[in-house]
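Working notes, structure below.
The values are calculated or read from the model by the stated rules, or taken from the named source; none is laboratory data. All values derive from a computational prediction rather than experimental measurement. FYI the Cβ positions are ideal-geometry reconstructions off the backbone, even for glycines, and counts take in every protein chain you see.
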Amino acid sequence: MSAGWYWVRDGFRLFRQQPMPMFSWALSIGMLLLVASMMVPIGPALFVTLMPAVTVMTLNACRSIEAGTTVQPLRLWRLLGEPGMARKLLGMGALYMGIILAAGFVAFLPFMADLAAATDQVTETTGMDPLLNAMRTPMMIFGVLYLLIAALFWHAPVLVAWHQLSLRKALFFSGVACWRNKGAFVVYGLIWAALVIAVEVAAALLQAVGLPPTLVGLVQMPFSFALAAGLYCSFYPTYTYVFGHDTDE
């Protein structure tokens, strides 16, 4: 279980070696997410479809840092120009998106009548409480299903890209690896949740002492992106802990 702490620590170690390139990469992903959120519903679907490719790009960057090579964020996108790589990773992303949608249907469909009734109960007096209460159970079911999906796809992109495994084998080995290290992943997730909460609490305290929300947002932004960069860098230790180091470019 202590491995979860080492993954976080080693992620920040990689970030400290090349902070500006990884900060820029985190900023790029943030901008991509922002653009996607402005193109509902197509944008979010495309963003999720890109996630396996972005994961491999991130791990390529971390592998370059470990090898002592300067990371150039724009060049990471060259991955999609490699023979067959775009088809494999975007195909995996489409499957990922499809399975998430299916999980959403499984989680919410049995409760649609309750959700419709709760929607009718929403008034200025009750607020959103009836709807939020009705969504609690389906959201919990979806959360459990998503954890299972995330385990299957956590290592799968890099196993396909670096080890040329078939999609079926990559999903299988990723799921097995996550299950065998489930305690470490629980610690890993709790640490990242605590760090995110700490940043949010610090921002709330700044507002509490009278700083304008706009100024607080400007102060919080670089810390949030630095935290995101550390998170992305920590993906690499979760891979190397299980599958070892591969320094081949």
Quiz item: Of (1) in contact with a helix residue (DSSP H, G or I) (Cβ under 7 Å, 6 or more places away or on another chain); (2) surrounded by fewer than 16 Cβ atoms within 10 Å (Cβ to Cβ), A107 satisfies all except one. Which?
Solution: (2)
Quiz item: Which numbered condition trips up M112, out of (1) modelled with pLDDT of 90 or more; (2) loosely packed, with under 14 Cβ neighbours inside 10 Å; (3) aliphatic (A, V, I, L, M)?
Solution: (1)
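Can you tell me which of M57, M22 is more than 27 Å from L171 (Cβ to Cβ), crowded, with 20+ Cβ neighbours inside 10 Å and at pLDDT 95 or above?
Answer to the check: M22.
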Self-check item: Unmet requirement for A203, which otherwise passes all of (1) part of a helix (DSSP H, G or I); (2) without any contact (Cβ under 8 Å) to a residue 12 or more places away in the chain; (3) not β-branched (V, I, T)
Solution: (2)
Practice problem: Read through the list (1) more than 23 Å from M97 (Cα to Cα); (2) modelled with pLDDT of 90 or more; (3) in contact with a helix residue (DSSP H, G or I) (Cβ under 8 Å, 6 or more places away or on another chain); (4) of a type in the set (A, V, I, L, M, F, W, C), then give the number of the only condition that A67 fails. | Solution: (3)
Exercise. Determine, yes or no, whether A208 is at pLDDT below 95, hydrophobic (A, V, I, L, M, F, W, C) and exposed (fewer than 15 other Cβ atoms within 10 Å of the Cβ).
Key: yes
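Kindly provide the set of residues from the stretch 155-176 that are surrounded by fewer than 20 Cβ atoms within 10 Å (Cβ to Cβ) and of a type outside the set (S, T, N, Q), ordered by number. So that I can check it myself, show each step before the final result.
From the stretch 155-176, those surrounded by fewer than 20 Cβ atoms within 10 Å (Cβ to Cβ) are 162-169, 172-173, 175-176; that's our starting set.
Matches in the stretch 155-176: W162, H163, L165, L167, R168, K169, F172, F173, G175, V176.
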Quiz item: What helices (runs of 4 or more DSSP H), lying completely within the stretch 76-165, carry at least 3 residues that are within 30 Å of T240 (Cβ to Cβ)?
Solution: 85-108, 129-154, 156-163
